[in-house]
Amino acid sequence: MSTTNIGINQLPVMNEIVNGDYLIIDNGTETRRLDFKDFIVGLENVTFASTISSNSSDISALSATVNTNTTNLNALSATSTNISALSATVNTNTINISALSATANVNVSNINILSATATTNTTNISALSSTLFVQVPVAASIAASTHYIKLRINNSNYALLLSSIN
C-alpha cells in the first residue's frame, strides 16, 4: 500500500468558518484539530489589544455615567410626582380662595347694611329718648306715687315709683 503525503498547502481553501468546522493546528512536530467553538484568541495574540483595553475603560466610565443618570432620572421622576401633587393642591387652594373671596364680599356687603341699620337705630333711639325722657316743667305738680314697677338688676331688687304729672 502506498502512502501519499499531503501538505497543508495542498488542502482546498475555504472562504469562511461556520459552526461545526474544525481548525487544523500544526506546530511542526504534530498536527491536531480544534473545534471552531473552542477557538479563543487572547489579547496578547492580537494587534488591537490596546484598543480593546481602552474601550473596556471607556465602557466602565460610561456604565458609571449611566448609573448616575439613572439615579438622577429616578430623583426627577419623584420630583415630577411631587410637582403633580402640589399642582393639585394649588388648584384646590385657588378654588378655596375664590370661594372665600366671594364670602368676604358678601360679608362686606352685610357689614355695610348693618352699619346703615346701626346709624338708623341710633337716630331712632335718640328720638325715642327725647320722647321718653322729657323734662318735667318746673311749674308742674307731681302727685303722690300710686304705682311701681319691680326690677331686678345684678341680683338687686328695685322698685320704680310712678306718679302722674299734672
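Among the residues that make up the range 109-122, is at least one of them under 30 Å from residue 165 (Cα atoms) and at pLDDT 85 or above? The answer is yes; a qualifying residue exists.
Considering 97, 40, 17, 24, the condition of being assigned to a loop (DSSP other than H, G, I, E, B), of a type outside the set (Phe, Trp, Tyr) and surrounded by 10 or more Cβ atoms within 10 Å (Cβ to Cβ) is satisfied by 17 alone. The single condition among (1) within 22 Å of the chain's Cα centre (by Cα); (2) aliphatic (A, V, I, L, M); (3) not in a helix (DSSP H, G or I) that residue 86 does not meet is (3).
Checking each residue in the range 43-55 for being loosely packed, with under 10 Cβ neighbours inside 10 Å and polar (S, T, N, Q) picks out 45, 47.
The values are calculated or read from the model by the stated rules, or taken from the named source; none is laboratory data. The structure displayed is predicted, hence computed values, not measured ones. Glycine gets a Cβ as well: all are built from the backbone with ideal geometry, and neighbour counts include every protein chain shown.
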